[in-house]
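First up is the structure itself, then whatever we jot down about it.
The values are calculated or read from the model by the stated rules, or taken from the named source; none is laboratory data. Computed from a predicted model, the values in this text were never measured in an experiment. For neighbour counting, all protein chains shown are included, and Cβ atoms are generated from backbone atoms with ideal geometry for every residue, glycine included.
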Amino acid sequence: MPDKVTDKQADVVVLGAGIVGVSAAYAARRRGLSVVLIDRREPGSETSYGNAGILSSGSIMPLNQPRLWRALPAYLGNRHPALRWDPGWVIANIDWVARFLANAAPSRIKPRATALHGLIGASLKLHREWIVTAGAAQRIRETGWLKAWRSEATEAAKQEQALLADYGIESRLLDRQAISALEPNILPVYKVGLLHTQTASVDSPGAVVKAYARMFASAGGEIRQSEIRVIAPDGEGWRVTLVEGAISARHVVVALGPWSADLLRPLGYRVPLAFERGYHREFKPNPARSLQRPIHDAEGSFLMTPMEQGIRVTSGVELTARDAPSSFAQLDQVVPLARGVVEFGDAVGEPWRGARPTLPDSLPMIGPAPRHANLWLAFGNQHIGFTTGPGTGAAIAAMIDGAPPPFEVGAFSPGRYL
């Protein structure tokens, strides 16, 4: 059981020890602030654990873009590996669905891509710095990541390459022979590939988050594992009530990912947060048939990546309630496809499920709550939370300290929804 706390005080309390919360805590501590990081579980144990481990320079295009409209008919049968949806959830949350689709308008693409480009650029710079400082440099691979098509999709790949080039993001177009040269241990199932050359990956995203948390603690920060009951204004600051007591702080950062909206509701905030759930499973690798980098199978709607424990296969989006029972239909659908690309053995451990917190415009909230002083919101990073955690945290810490953030944060203002 955690130690009792009585009238403990800090400059900043960060709620949530995923990549965003750990990043905010470390960035605030680097600015000389006293910081307590709180989560019910160990750092990096929830959504930050179960991703593909990609530090992606090119993830500037949100899921809700114009091509989503063309894909919708294929999704209506509810059997596509890219998207499964719960009809009951969709009916109950039709307002969120309508707002999400409205953001797929062509006029809404460039402003969001520009905003994400700034956030991603700042984040990748920090990741490459922090992973060395944290003593985890051996986990990062500067091998890029490969998006690959089984069909003759050269034109689609060229369009994507041109879009990335508009933002100064480098990529390389590959034919079948070039893909085989790049990944000699996979079967030649792909005809076209686009290598994101400025993207890195790690062999255990959960371990990287834990390394960042240890780095925060070594810098003088405090980590507490406890259930968070409530937050409430207290004079000019805040009081955070835990199971074993309370902590007072001048500033509170809410970085609880898919649980953030629950904590904010008693304060009168109705956050339009949805949960794009995803699954992964890891498999014993064949050392003689290893992958060199993550591969996104564009038509198969899955991603496979070499991890510390084996080959991790991740599924598409499951749009349903955050805590609904697991359904492994998508994972069961894509694992045989992955086996047709690279050889791997039996499963290692059980399937994993997580919930990616997503707002209707696919942009996170990064900034001050509109009606409460010294309350800061940092969540909603959808599919690119692991990539964008450091930039999100650094921006929050800068604003707390009265300094300019490392990128333009206007598009991420919580006030756009609250």
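Table for the structure above
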item	result
Residue identified as outside the structural domain of Gln161 (by TED's automatic domain parsing), touching a residue at least 12 places away in the same chain (Cβ under 8 Å), at negative phi and out of contact with any Leu (no Cβ under 8 Å at 6 or more places or on another chain) among Trp259, Trp238	Trp259
Of all residues in the range 264-301 being surrounded by fewer than 20 Cβ atoms within 10 Å (Cβ to Cβ) and among the aliphatic types (A, V, I, L, M), the one that is modelled with the lowest pLDDT	Ala288
Test: Leu63 is assigned to a loop (DSSP other than H, G, I, E, B), farther than 30 Å from Ala403 by Cβ and either of a type in the set (S, T, N, Q) or in contact (Cβ under 8 Å) with a residue 12 or more places away in the chain (or both)	yes
Test: residue in the range 147-158 that is under 21 Å from Val342 (Cα atoms), under 21 Å from the mean Cα position of the chain (by Cα) and either surrounded by fewer than 20 Cβ atoms within 10 Å (Cβ to Cβ) or not assigned by TED's automatic domain parsing to the domain that holds Gly220 (or both)	yes
First in the range 75-96 and more than 15 Å from Gly278 (Cβ to Cβ), second anywhere and hydroxyl-bearing (Ser, Thr, Tyr) and not in a helix (DSSP H, G or I), Cβ under 6 Å, 6 or more apart	Trp89/Thr320
Residue match in the range 220-227 (condition: crowded, with 17+ Cβ neighbours inside 10 Å, basic (Lys, Arg) and under 26 Å from the mean Cα position of the chain (by Cα))	yes
Test set (1) surrounded by 24 or more Cβ atoms within 10 Å (Cβ to Cβ); (2) touching a helix residue (DSSP H, G or I) at 6+ places or on another chain (Cβ under 6 Å); (3) not small (Gly, Ala, Ser) - Pro405 fails condition number	(1)
Failed item, numbered, when Pro357 is tested on (1) modelled with pLDDT under 95; (2) part of a strand (DSSP E or B); (3) under 21 Å from Glu318 (Cα atoms)	(1)
